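These notes concern the structure reproduced below.
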Amino acid sequence: MTNIESKIVEIRKLTYAYPDGTMALDGIDLDIFEGENVGLVGPNGAGKSTLLLHLNGILRTDSAVSIFGLTPEGSNLPLIRSMVGIVFQDPDDQLFMPTSFDDVAFGPLSMGLGADEVRARVEKALLDVSMSDASDRIAHHMSVGEKRRVSIASVLSMNPRLLILDEPSANLDPDGRRSLIELLKGMNVTKIIAGHDLELVNELCQRVIRIDAGKIVSDTLINA
Amino acid sequence: MEHHFLDQYSDRDSLIHRLDPRVKAITFFSLVLFVILTPAASFSAFGFYGALLIILIAFSKVPPIFVVRRSLVIIPFVVIVGLFMPFIKGGRSLGNYSLGAVDFSVTYEGVMLFWNIFIKAMLSCISLTVLTSTTRFVDLLKGFETMHLPKLLIMILSFMYRYIYVFIGELMSMRIAKESRSAGGGKRFHLKAIANMVGVFFIRAYERGERVYLAMCSRGFDGTVRTLNRLKLNARDIYFSFSVIALLITIRCFAK
Ligand SMILES: Nc1ncnc2c1ncn2[C@@H]1O[C@H](COP(=O)(O)OP(=O)(O)O)[C@@H](O)[C@H]1O
Ligand SMILES: [Mg+2]
């Protein structure tokens, strides 16, 4: 699994400070390979979300990051963003369109796909998260668990090769959390799961990276 | 959470609910237009418009009481604009009254002007209430979008609709948090706390905007919000709009 060909994320000495001076990342070195399920754990404010935002070029520094062999900048961005799907922590940020259909169609339409292809992808993505009947539903009429599923569908419709989930179990009740774990287990795509739900990470990931104060403090294989 | 502040009853099912939102919008706006363009003295025409609305309400299965109550919001405006008309408009006098030192005279033209404003405002308001309570707001926006209303306007309205409940929810939880911590305290203290809350609320709204923008960019947003048109007209829609508009023309031409 660990040959050069299948390396999809390469980060070298990534240091990032927010404009207000907060040092969020401090010398991160990280490689991620195709097919891995990586857990990214650490306390609040450790820099997990900041690191994830570097993986699709939302945040940038000089050439410390390479995704699928591409530098996330300029004309590479549309391609990178179609290959890297980020599901944000708060579904109310992720779902910004009036109906589920529009939300799930947003990515594919931005990629410039044709109407029939978009329709097919939306249908498939909603089916994959067992929300087929939700295409006309409005986000504020859905439960947190349902919103989370539609959020996931909203990036699945872009057929990402790397799926990134930021605190996927936040605000879920035990049932919702359980069915989310089952859903993610069934997905055959490279995943990075950030959060502090260790149990969920243990169940879904083979590799756990622990970060604290912007530094990687451990990188271990589990369930091997 | 279930919220229906803007479009209560719009998620029910009825003949009217199932019509295409564009057809509904055009039909009800035509109704408003006909009402406005009918001379005030055509009393029977207004009666027929009213009857038509009653039939539409009956088909829509929306409680008539709800429609009436919603439409009453227009009354204060009508009163402000129209109430003094009978007294200040010159013309044929219908009667003179005196209240202490002040003399009033009510004129026929003035009364007609008030009636004109009143009946048109009421009927228009009822039409639009029937439209919004039989059409989900999102479908209405979709309809307007395919009818080529300005995209920016549609986008702003759709964000407003999407986030108004999120904001209301945030405000509620802030208020609960404040109230459960502030036992007693003077008026001054409360005002300060509320001012603080408003400030925090604006910062949160701003941050929300930032995060939503990031989420949009992550899915390839490049400045245009794209949607697919999934609306389809069918025969029923055409029949509906043609028959209502034919009725409107008949009323306008023949009722005096
Ligand atoms: N937009 C921002 N502006 C300034 N500082 C930020 C911003 N977002 C996060 N931070 C700070 O950066 C650090 C890392 O935050 P974050 O990546 O969100 O951590 P985590 O996701 O692990 O909880 C924290 O100290 C946080 O306060
Ligand atoms: Mg975070």
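What about residue B:218, is it of a type in the set (Ser, Thr, Tyr), away from chain A (no Cβ under 14 Å) and over 28 Å from the mean Cα position of the chain (by Cα)? So residue B:218 fails the test.
When the stretch B:1-59 is filtered for residues that are in a helix (DSSP H, G or I) and of a type in the set (Gly, Ala, Ser), the ones remaining, listed by number, are B:25, B:30, B:44, B:45, B:47, B:50, B:51, B:58.
Only residues that are within 12 Å of chain B (Cβ to nearest Cβ) and surrounded by fewer than 23 Cβ atoms within 10 Å (Cβ to Cβ) were counted across the stretch A:148-161, and they come to 1. Considered as a group, the residues in the stretch A:168-195 that are aliphatic (A, V, I, L, M) and within 15 Å of ligand 2 (Cβ to nearest atom) include one that is farthest from residue A:31 (Cα to Cα), and that residue is A:170.
Of the set (1) at pLDDT 95 or above; (2) within 14 Å of chain B (Cβ to nearest Cβ), all apply to residue A:140 but (1).
Screening the stretch A:98-214 for strands (runs of 3 or more DSSP E) wholly inside it with 1 or more residues that are over 15 Å from the mean Cα position of the chain (by Cα) returns the ranges A:207-212. Please work out which one of (1) within 15 Å of ligand 2 (Cβ to nearest atom); (2) surrounded by 19 or more Cβ atoms within 10 Å (Cβ to Cβ); (3) more than 14 Å from every other protein chain (Cβ to nearest Cβ); (4) over 22 Å from residue A:220 (Cα atoms) is the condition residue A:22 fails and give its number. The number of the failed condition is (2). For the stretch B:136-157, indicate whether the set of residues that are within 14 Å of another protein chain (Cβ to nearest Cβ) and in a loop (DSSP other than H, G, I, E, B) is non-empty. The answer is yes, given that some residue of the stretch B:136-157 is within 14 Å of another protein chain (Cβ to nearest Cβ) and in a loop (DSSP other than H, G, I, E, B).
Considering (1) within 16 Å of ligand 1 (Cβ to nearest atom); (2) farther than 17 Å from residue A:51 by Cα; (3) within 14 Å of chain B (Cβ to nearest Cβ); (4) not polar (S, T, N, Q), the lone condition that residue A:165 does not fulfil carries the number (2).
If I ask for residues that are of a type in the set (Lys, Arg) and assigned to a loop (DSSP other than H, G, I, E, B), which ones from the stretch B:222-246 would you list? Step through it out loud before you land on a result.
Our first condition is that a residue be of a type in the set (Lys, Arg); within the stretch B:222-246, this holds for B:226, B:230, B:232, B:236.
Within the stretch B:222-246, B:226, B:230, B:232 qualify.
Within the stretch A:175-220, if we keep just the residues that are of a type in the set (Asp, Glu) and over 20 Å from residue A:155 (Cα atoms), the residue that is nearest to ligand 1 (Cβ to nearest atom) turns out to be A:212. Of all the listed residues (A:59, A:95, A:40), the sole one being within 16 Å of ligand 1 (Cβ to nearest atom), modelled with pLDDT of 95 or more and not acidic (Asp, Glu) is A:40.
From the residues in the stretch A:49-71 that are part of a loop (DSSP other than H, G, I, E, B) and more than 16 Å from the chain's Cα centre (by Cα), which one is surrounded by the most Cβ atoms within 10 Å (Cβ to Cβ)?
To start, the set of residues in the stretch A:49-71 that are part of a loop (DSSP other than H, G, I, E, B) comprises A:54-64, A:68-69, A:71.
With more than 16 Å from the chain's Cα centre (by Cα) added as a condition, the list becomes A:60-64, A:69, A:71.
On the way: A:60: 15, A:61: 13, A:62: 7, A:63: 10, A:64: 19, A:69: 11, A:71: 16.
Among those that are part of a loop (DSSP other than H, G, I, E, B) and more than 16 Å from the chain's Cα centre (by Cα), it is A:64.
Being over 19 Å from residue B:137 (Cα atoms), touching a Cys at 6+ places or on another chain (Cβ under 6 Å) and part of a helix (DSSP H, G or I) is the requirement here; does residue B:74 meet it?
When the stated conditions are applied, residue B:74 passes them.
Within the stretch A:58-81, the set of residues being among the hydrophobic types (A, V, I, L, M, F, W, C) and within 14 Å of chain B (Cβ to nearest Cβ) comprises A:58, A:59, A:67, A:77, A:79, A:80. Scanning the stretch B:58-76 for residues that are among the hydrophobic types (A, V, I, L, M, F, W, C), surrounded by 15 or more Cβ atoms within 10 Å (Cβ to Cβ) and in contact (Cβ under 8 Å) with a residue 60 or more places away in the chain gives B:62, B:67. The sole residue among A:84, A:118 that is facing chain B (nearest Cβ under 9 Å), farther than 16 Å from residue B:227 by Cβ and among the β-branched types (Val, Ile, Thr) is A:84. Working only within the stretch A:113-134, note down all residues that are surrounded by fewer than 20 Cβ atoms within 10 Å (Cβ to Cβ) and closer than 17 Å to residue A:148 by Cβ. Matches in the stretch A:113-134: A:127, A:128, A:130, A:132, A:133.
The single condition among (1) at pLDDT below 95; (2) more than 16 Å from ligand 2 (Cβ to nearest atom); (3) exposed (fewer than 15 other Cβ atoms within 10 Å of the Cβ); (4) closer than 28 Å to residue A:7 by Cα that residue A:198 does not meet is (2).
A quick yes/no check of all residues on (1) closer than 13 Å to residue A:192 by Cβ; (2) in contact with a Ser or Thr (Cβ under 9 Å, 6 or more places away or on another chain); (3) in contact (Cβ under 8 Å) with a residue 40 or more places away in the chain:
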{"residue": "A:11", "(1), (2), (3)": "yes, yes, yes"}
{"residue": "A:16", "(1), (2), (3)": "no, yes, yes"}
{"residue": "A:25", "(1), (2), (3)": "no, yes, yes"}
{"residue": "A:38", "(1), (2), (3)": "yes, yes, yes"}
{"residue": "A:41", "(1), (2), (3)": "yes, no, yes"}
{"residue": "A:46", "(1), (2), (3)": "no, no, yes"}
{"residue": "A:59", "(1), (2), (3)": "no, yes, yes"}
{"residue": "A:70", "(1), (2), (3)": "no, no, no"}
{"residue": "A:76", "(1), (2), (3)": "no, no, no"}
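Confirm whether residue A:47 is in contact with a Leu (Cβ under 6 Å, 6 or more places away or on another chain), away from ligand 1 (no atom under 16 Å from the Cβ) and not aliphatic (A, V, I, L, M). Spell out how you get there, then give the answer.
Values: in contact with a Leu (Cβ under 6 Å, 6 or more places away or on another chain): yes; away from ligand 1 (no atom under 16 Å from the Cβ): no; not aliphatic (A, V, I, L, M): yes.
Here the answer is no, as residue A:47 does not meet what is asked.
The values are calculated or read from the model by the stated rules, or taken from the named source; none is laboratory data. Because the structure is a prediction, the values reported are computed rather than measured. Glycine also receives a Cβ, built like all others from the backbone with ideal geometry; neighbour counts cover every protein chain displayed.
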